[in-house]
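**Student:** Dumping the structure here so I can ask a few things about it.
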Amino acid sequence: MPLKILIVGAGVAGPALAILLQRADPLHHITVIERAPSLRASGLQLDFKAQGMPIMRKMGLLDAMRAHRVDETGAELVGAKGECLASYGIRGDAGTEGVNGGVTNELEIMRGDMVKVLVDASVADRRKLDESGVRGGGLKYVFGASVRGFAQKEGEGVDVTFQDGREERFDLVVGADGQNSRTRKMMFGEEVDREAFKELGSQVAYFNVPRGEGDGTLARIFFTARSRAILARNGGRPQTQVYLFSQTNMEKTKASYGKSLAEQKAVWRETFTGAGWETERFLEGMRTADDFYSHQLAQVKLPALYKGRVALLGDAGYCPSVLTGKGTTSAFIGAYVLAGELARQPSNVDAGLKAYNETMKEPVGLAQVIGGNMALPSSPLAVWFIRNGLWAVSSLRIDKLIMKLMPEQKEATGLETWPLPEYPELNLAE
Ligand SMILES: Cc1cc2nc3c(=O)[nH]c(=O)nc-3n(C[C@H](O)[C@H](O)[C@H](O)COP(=O)(O)OP(=O)(O)OC[C@H]3O[C@@H](n4cnc5c(N)ncnc54)[C@H](O)[C@@H]3O)c2cc1C
């Protein structure tokens, strides 16, 4: 049965779901709203792990994604003078461990490119349907829009009030509005939302700076005292991506979220000034960066991914955190399973949502395994130990030890062993 569906958030998960719903039933009426005034095609490198690649292949988007591939050849740990202390090779295939381990997966692309590929594909699919004479159904993106509130009517759907006061009834609302989802707060209330949001004790800031002389195709990682680390990745692009990780100045950093970008940047500058290596260059680049984005590392753990006819998808429902490196893959798994379960039971939305909730328990649990907290070294001695310890590790080619420092690399979580359900009802390529 064709449904009238509202998707909140045009990040990664929202447009992916729109594509899959539309493939399953061209007669669905799909509206995707995005709070930002235009597509937020910013952010740094994202990768596909485990089921990410197979889902892309099924969606017929693998080539389009590959066309934007970032050319990163591996990673190196650098010292204060930029000297290489240890290096790690590229992985053989997404989700499988390559020869050396490292921070690079087979397919990594910039978040902005990924979001554009997804939105463009959903719009192109719709155009094709319209041109082929399909009558009914539709897809539209509305920017600068958000939900003020909603009321659920049992058996009738969800009455949504938008920020501009407009009201509309939908059969299903899907919150794909990211880690700090407002849909989640509206569904479950402030208390459940607070309880579900598990802080991991680290902050991260992302931005691009102009490419410098030493920026090659290797990602470079620098640990410094007072629990700070910097990751710089160029991947053959005109700009270099900078990630600042910090476990210091926490209260001030947290208090800066929600304030202006200038105020957030000022706190990060204070935290990192004098950190060594190329920090000053990065901080200077941060001053004028127009894509600065910072947030606290957290996981979202909810008792259920839906309530009535409102469901949560991607980071909004089960953010595994950047530390796992599985946020994007989990978003795709969720979109695939949600669309698949709804398509499997086309005349029973409630049963579809229940099945989505059940099916997602295992992959969500596996994606959220971090394997210990990220402990950035706090004292100069600890930094020395890590730098020199890792140098020895690399020299002896016992690369697995780096996984102790980079929780993202702990692939033993098993997500890749979770069998992706098959949904022929989705009418996908494979
Ligand atoms: C600007 C940005 C940059 C990012 N950069 C990185 C990065 O460099 N590395 C990394 O690992 N992860 C990054 N992420 C997170 C990453 O995209 C997600 O972890 C993952 O891809 C899952 O995607 P998602 O669609 O669930 O959430 P997101 O990608 O966060 O998308 C959520 C979308 O919902 C929109 N939104 C939020 N609130 C509302 C609202 N109330 N109403 C309507 N729309 C709303 C947001 O503007 C956003 O477009 C970034 C996210 C954003 C928004």
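**Student:** When region 318-359 is examined, which residues are found to be away from the ligand (no atom under 16 Å from the Cβ) and part of a loop (DSSP other than H, G, I, E, B)? Talk me through it step by step, then tell me what you get.
**Tutor:** Step one: list which residues in region 318-359 are away from the ligand (no atom under 16 Å from the Cβ), which gives 340-355, 357-359.
Across region 318-359, the qualifying residues are 345, 346, 347, 348.
**Student:** Considering only region 283-338, state which residues are surrounded by fewer than 20 Cβ atoms within 10 Å (Cβ to Cβ) and at positive phi.
**Tutor:** 308
**Student:** Could you grab the pairs with beta carbons closer than 7 Å, sequence gap of 6+ or different chains, first residue in region 3-14 and of a type in the set (Lys, Arg), second one in a loop (DSSP other than H, G, I, E, B) and more than 6 Å from the ligand (Cβ to nearest atom)?
**Tutor:** Correct list of pairs: 4/171.
**Student:** Six or more apart or on different chains, Cβ atoms under 8 Å: show the pairs whose first residue is in region 61-88 and without any contact (Cβ under 8 Å) to a residue 60 or more places away in the chain and whose second is assigned to a strand (DSSP E or B).
**Tutor:** The qualifying pairs are 65/109; 68/109; 68/110; 69/108; 69/109; 84/76; 84/77; 84/78.
**Student:** Let me ask something additional. Please specify each residue of region 223-243 satisfying the condition of being touching a helix residue (DSSP H, G or I) at 6+ places or on another chain (Cβ under 8 Å), assigned to a strand (DSSP E or B) and of a type in the set (A, V, I, L, M, F, W, C).
**Tutor:** Listed by number, the residues that qualify are 223, 230, 232, 242.
**Student:** Condition (residue is assigned to a strand (DSSP E or B) and either within 18 Å of residue 7 (Cβ to Cβ) or over 22 Å from the mean Cα position of the chain (by Cα) (or both)) applied to region 204-215: is it met by at least one residue? Steps first, answer last, please.
**Tutor:** Initially, region 204-215 is screened for residues assigned to a strand (DSSP E or B), giving 204-210.
Add one more test, that the residue is either within 18 Å of residue 7 (Cβ to Cβ) or over 22 Å from the mean Cα position of the chain (by Cα) (or both), and what stays is 210.
There is at least one residue in region 204-215 that is assigned to a strand (DSSP E or B) and either within 18 Å of residue 7 (Cβ to Cβ) or over 22 Å from the mean Cα position of the chain (by Cα) (or both).
Residue-by-condition table, conditions (1) within 19 Å of residue 15 (Cα to Cα); (2) out of contact with any helix residue (DSSP H, G or I) (no Cβ under 6 Å at 6 or more places or on another chain); (3) surrounded by fewer than 17 Cβ atoms within 10 Å (Cβ to Cβ):
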{"site": "115", "(1), (2), (3)": "yes, yes, no"}
{"site": "121", "(1), (2), (3)": "yes, no, no"}
{"site": "128", "(1), (2), (3)": "yes, yes, yes"}
{"site": "131", "(1), (2), (3)": "no, yes, yes"}
{"site": "162", "(1), (2), (3)": "no, yes, no"}
{"site": "166", "(1), (2), (3)": "no, yes, yes"}
{"site": "179", "(1), (2), (3)": "yes, no, no"}
{"site": "182", "(1), (2), (3)": "yes, yes, no"}
{"site": "195", "(1), (2), (3)": "no, yes, yes"}
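**Student:** Which condition does residue 126 not pass, out of (1) under 20 Å from the mean Cα position of the chain (by Cα); (2) modelled with pLDDT of 95 or more, if it passes all the others?
**Tutor:** Here residue 126 meets the rest and fails (1).
**Student:** Which pairs do you get when a residue that is farther than 22 Å from residue 58 by Cα, found in region 24-36, comes within reach of a residue that is among the charged types (D, E, K, R) and away from the ligand (no atom under 16 Å from the Cβ), reach meaning Cβ atoms under 6 angstrom, with the pair 6+ apart or on two chains?
**Tutor:** Close Cβ pairs (under 6 Å, with a partner that is among the charged types (D, E, K, R) and away from the ligand (no atom under 16 Å from the Cβ)) amount to 29/4.
**Student:** Is one or more of the residues making up region 213-226 within 14 Å of the ligand (Cβ to nearest atom) and over 26 Å from residue 22 (Cα atoms)? Break it down stepwise before answering.
**Tutor:** So in region 213-226, the residues within 14 Å of the ligand (Cβ to nearest atom) come out as 219.
When the remaining residues are screened for being over 26 Å from residue 22 (Cα atoms), the result is 219.
Yes, because at least one residue in region 213-226 is within 14 Å of the ligand (Cβ to nearest atom) and over 26 Å from residue 22 (Cα atoms).
**Student:** Here is a further query. Could you go through region 381-390 and let me know if any residue there is modelled with pLDDT under 75, in a helix (DSSP H, G or I), of a type in the set (Phe, Trp, Tyr) and surrounded by 15 or more Cβ atoms within 10 Å (Cβ to Cβ). Let's see the steps before the verdict.
**Tutor:** Here is the first cut: in region 381-390, the residues modelled with pLDDT under 75 are 381-390.
Checking which are in a helix (DSSP H, G or I) leaves us with 381-390.
Adding the requirement that they be of a type in the set (Phe, Trp, Tyr) leaves 384-385.
Applying the additional criterion that residues be surrounded by 15 or more Cβ atoms within 10 Å (Cβ to Cβ) yields none.
No, that holds for no residue.
**Student:** Is one or more of the residues making up region 267-278 surrounded by fewer than 21 Cβ atoms within 10 Å (Cβ to Cβ) and under 22 Å from residue 75 (Cβ atoms)?
**Tutor:** yes
**Student:** Separate question: When the residues of region 149-169 are filtered to those that are among the basic types (Lys, Arg) and part of a strand (DSSP E or B), which remaining residue is modelled with the lowest pLDDT? Break it down stepwise before answering.
**Tutor:** Start the filter on region 149-169 by keeping residues that are among the basic types (Lys, Arg), which leaves 153, 166, 169.
Right, trim to part of a strand (DSSP E or B) and you get 153, 169.
Working: 153: 83, 169: 97.
Once the filter is applied, the top-ranked residue is 153.
**Student:** For region 244-276: of the residues being of a type in the set (Val, Ile, Thr) and assigned to a loop (DSSP other than H, G, I, E, B), which is farthest from residue 207 (Cα to Cα)? Give the steps one after another, and end with the answer.
**Tutor:** Going through region 244-276, the residues of a type in the set (Val, Ile, Thr) turn out to be 248, 253, 267, 271, 273.
This time we only want the ones that are assigned to a loop (DSSP other than H, G, I, E, B), so: 248, 273.
Numbers: 248: 19, 273: 16 Å.
Top of the filtered list is 248.
**Student:** Considering only region 188-197, I want to know if a residue exists there that is in a loop (DSSP other than H, G, I, E, B) and either at pLDDT below 95 or within 16 Å of the ligand (Cβ to nearest atom) (or both).
**Tutor:** Of all residues in region 188-197, those in a loop (DSSP other than H, G, I, E, B) come to none.
No, region 188-197 contains no residue that is in a loop (DSSP other than H, G, I, E, B) and either at pLDDT below 95 or within 16 Å of the ligand (Cβ to nearest atom) (or both).
**Student:** Would you check if there is a residue in region 99-115 being under 22 Å from the mean Cα position of the chain (by Cα), at pLDDT 90 or above and under 21 Å from residue 182 (Cα atoms)?
**Tutor:** Yes; the residues of region 99-115 include at least one that is under 22 Å from the mean Cα position of the chain (by Cα), at pLDDT 90 or above and under 21 Å from residue 182 (Cα atoms).
**Student:** Is region 73-80 home to any residue that is of a type in the set (Ser, Thr, Tyr), more than 19 Å from the chain's Cα centre (by Cα) and within 16 Å of the ligand (Cβ to nearest atom)?
**Tutor:** To start, the set of residues in region 73-80 that are of a type in the set (Ser, Thr, Tyr) comprises 73.
Remaining after also requiring more than 19 Å from the chain's Cα centre (by Cα): 73.
When the remaining residues are screened for being within 16 Å of the ligand (Cβ to nearest atom), the result is none.
So far as region 73-80 goes, no, none of its residues is of a type in the set (Ser, Thr, Tyr), more than 19 Å from the chain's Cα centre (by Cα) and within 16 Å of the ligand (Cβ to nearest atom).
The values are calculated or read from the model by the stated rules, or taken from the named source; none is laboratory data. Note that the structure is predicted; figures quoted are calculated from it, not measured. We place every Cβ from the backbone using ideal geometry, glycine too, and count neighbours over all the protein chains shown.
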